[in-house]
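What follows is one structure encoded as structure tokens, with my remarks underneath.
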Amino acid sequence: MLKHLVLTQVLRYMNGKDKAYTLVDTHAGAGGYSLQGRYAQKKAEYQQGIVRLWDRADLPEPVADYVALVRRFNDGGKLHQYPGSPGFAQMLLRAQDRLRLYELHPTDHRILEAYLGKHPQTQVTEGDGFAALKAELPPPSRRGVVLIDPSYEIKADYTRVVAALREALTRFADAVVIVWYPQLLTLESSQLPHRLQASAESHAPKGWLHARLSVQQPDERGFGLVGSGLFIANPPFVLHETLQAVLPFLVDVLGQYDGASFMLEQRAA
Ligand SMILES: C[S@@+](CC[C@H](N)C(=O)[O-])C[C@H]1O[C@@H](n2cnc3c(N)ncnc32)[C@H](O)[C@@H]1O
């Protein structure tokens with residue numbers, strides 16, 4: 001949820017200038033997800049996220065904007081489907097912008113291709129999104145956003161995201177790079193933000209921002225997903241203020257236990 005809220009805010013900011021930009025989504029997924037039937041596992045995830053926000057009248061503006069996009073994805077009706085990052089991108093990118101979607105899994109790729117493959121200015125590629133940065137950066141218009149959103153089911157992803165951030169910034173220093181990561185009580189997960197920071201400190205001219213929303217209690221063995229974090233290199237300058245206003249609200253509404261919390265830090269340019 002936080003991931004798509006931040007993606008929405010970044011793209012709104014990019015839309016503030018007419019000049020075209022490219023969004024590279026290295027781990028695009030299927031594009032959108034049905035909340036009915038056989039996706040029961042995903043459904044449980046959404047119950048703790050979008051469902052809790054759906055009917056509220058007191059949403060802060062950026063959250064209301066995010067929920068309105070999910071409503072649009074459902075044609076204004078009931079909550080039956082949820083947009084993935086390509087779904088949000090499709091609703092927000094303008095005619096002049098380019099969308100580059102990479103997905104390794106053949107089934108997800110097929111669904112994504114059927115959904116967006118014929119869209120103007122959009123390319124859907126079945127392949128490794130990490131390797132794609134070489135071909136995609138720098139973007140022709142010299143304005144670009146990169147979303148790096150692996151599932152971290154394989155531990156190598158923790159190392160590969162750090163290398164990918166460095167590669168993206170080395171190829172195109174002004175790229176706005178958004179990295180999502182799961183907050184788990186593991187060494188890899190707790191070290192990742194520091195490793196990303198070290199990369200951004202030396203390569204991102206506009207600094208970095210790190211936001212984390214911890215909503216769930218770990219189980220008694222200390223396992224399980226506690227929350228998730230986003231690390232953004234070269235963030236829009238308004239993002240810190242926006243998140244500072246929104247994160248306490250999200251802790252209240254999405255928190256699943258008394259210890260729910262957020263963390264927000266940045267290194268300005
Ligand atoms: C967390 S999901 C992406 C969700 C999507 N970004 C969204 O916001 O809706 C991660 C996806 O990455 C795909 N994947 C895994 N390794 C990949 C790789 N090296 N390159 C591209 N896609 C990959 C998986 O099949 C999965 O669909």
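The values are calculated or read from the model by the stated rules, or taken from the named source; none is laboratory data. Values in this document were obtained by computation on a predicted structure and should not be read as measured data. Cβ sites come from the backbone with ideal geometry, for glycine too, and all protein chains shown count toward neighbours. Ligands, DNA and RNA are stripped out before the accessible areas are found, and what is left, the full protein with its side chains, is counted by its heavy atoms. Shrake-Rupley method; radii C 1.70, N 1.55, O 1.52, S 1.80 Å.
If I filter the range 133-156 down to residues being open to solvent by less than 10 Å² (accessible area, probe 1.4 Å) and not in a loop (DSSP other than H, G, I, E, B), which single residue comes out as farthest from the ligand (Cβ to nearest atom)?
Gly144
Please work out if Gln81 is within 16 Å of the ligand (Cβ to nearest atom), open to solvent by 50 Å² or more (accessible area, probe 1.4 Å) and either of a type in the set (Phe, Trp, Tyr) or under 15 Å from the mean Cα position of the chain (by Cα) (or both).
So Gln81 fails the test.
How many residues, within the range 100-112, are of a type in the set (D, E, K, R) and open to solvent by 70 Å² or more (accessible area, probe 1.4 Å)?
Of all residues in the range 100-112, those of a type in the set (D, E, K, R) come to 100, 103, 108, 110.
Next cut, open to solvent by 70 Å² or more (accessible area, probe 1.4 Å) only: 110.
Final tally of qualifying residues: 1.
So Lys19 clears everything in (1) open to solvent by 50 Å² or more (accessible area, probe 1.4 Å); (2) of a type in the set (Lys, Arg); (3) within 25 Å of Gln244 (Cβ to Cβ) except one condition, right? Which one?
If we test Lys19 against (1) open to solvent by 50 Å² or more (accessible area, probe 1.4 Å); (2) of a type in the set (Lys, Arg); (3) within 25 Å of Gln244 (Cβ to Cβ), just (3) comes out false.
Looking at Leu230, is it under 17 Å from Ser85 (Cα atoms) and either open to solvent by 10 Å² or more (accessible area, probe 1.4 Å) or touching a residue at least 40 places away in the same chain (Cβ under 8 Å) (or both)?
Against the criterion (under 17 Å from Ser85 (Cα atoms) and either open to solvent by 10 Å² or more (accessible area, probe 1.4 Å) or touching a residue at least 40 places away in the same chain (Cβ under 8 Å) (or both)), Leu230 qualifies.
Being aliphatic (A, V, I, L, M), open to solvent by less than 20 Å² (accessible area, probe 1.4 Å), within 12 Å of the ligand (Cβ to nearest atom) and touching a residue at least 40 places away in the same chain (Cβ under 8 Å) is true for just one of Val24, Val63. Which residue is that? Write out each step before concluding.
Values: Val63 fails: within 12 Å of the ligand (Cβ to nearest atom).
From the options Val24, Val63, the qualifying one is Val24.
Going through the range 66-78 one residue at a time, which ones are open to solvent by less than 40 Å² (accessible area, probe 1.4 Å) and closer than 22 Å to Glu241 by Cα?
Tyr66, Val67, Leu69
Considering only residues of the range 103-130 that are closer than 24 Å to Ser141 by Cβ and in a loop (DSSP other than H, G, I, E, B), which is nearest to the ligand (Cβ to nearest atom)?
In this case the residue turns out to be Gly127.
Any chance the range 176-187 includes a residue that's among the aromatic types (Phe, Trp, Tyr), under 27 Å from Phe237 (Cβ atoms), open to solvent by 30 Å² or more (accessible area, probe 1.4 Å) and modelled with pLDDT of 95 or more? Let's see the steps before the verdict.
First, pick out the residues of the range 176-187 that are among the aromatic types (Phe, Trp, Tyr): 180-181.
This time we only want the ones that are under 27 Å from Phe237 (Cβ atoms), so: 180-181.
Retained after the next criterion (residues that are open to solvent by 30 Å² or more (accessible area, probe 1.4 Å)): 180.
Subset that is modelled with pLDDT of 95 or more: 180.
Looking through the range 176-187, at least one residue is among the aromatic types (Phe, Trp, Tyr), under 27 Å from Phe237 (Cβ atoms), open to solvent by 30 Å² or more (accessible area, probe 1.4 Å) and modelled with pLDDT of 95 or more.
Scan the range 188-227 residue by residue and report those that are touching a residue at least 60 places away in the same chain (Cβ under 8 Å), surrounded by 23 or more Cβ atoms within 10 Å (Cβ to Cβ) and either acidic (Asp, Glu) or farther than 19 Å from Arg12 by Cα (or both).
Ala200, Leu213, Val215
Of the conditions (1) more than 12 Å from the ligand (Cβ to nearest atom); (2) touching a His at 6+ places or on another chain (Cβ under 7 Å); (3) open to solvent by 20 Å² or more (accessible area, probe 1.4 Å), Leu169 fails just one. Which one is it?
(3)
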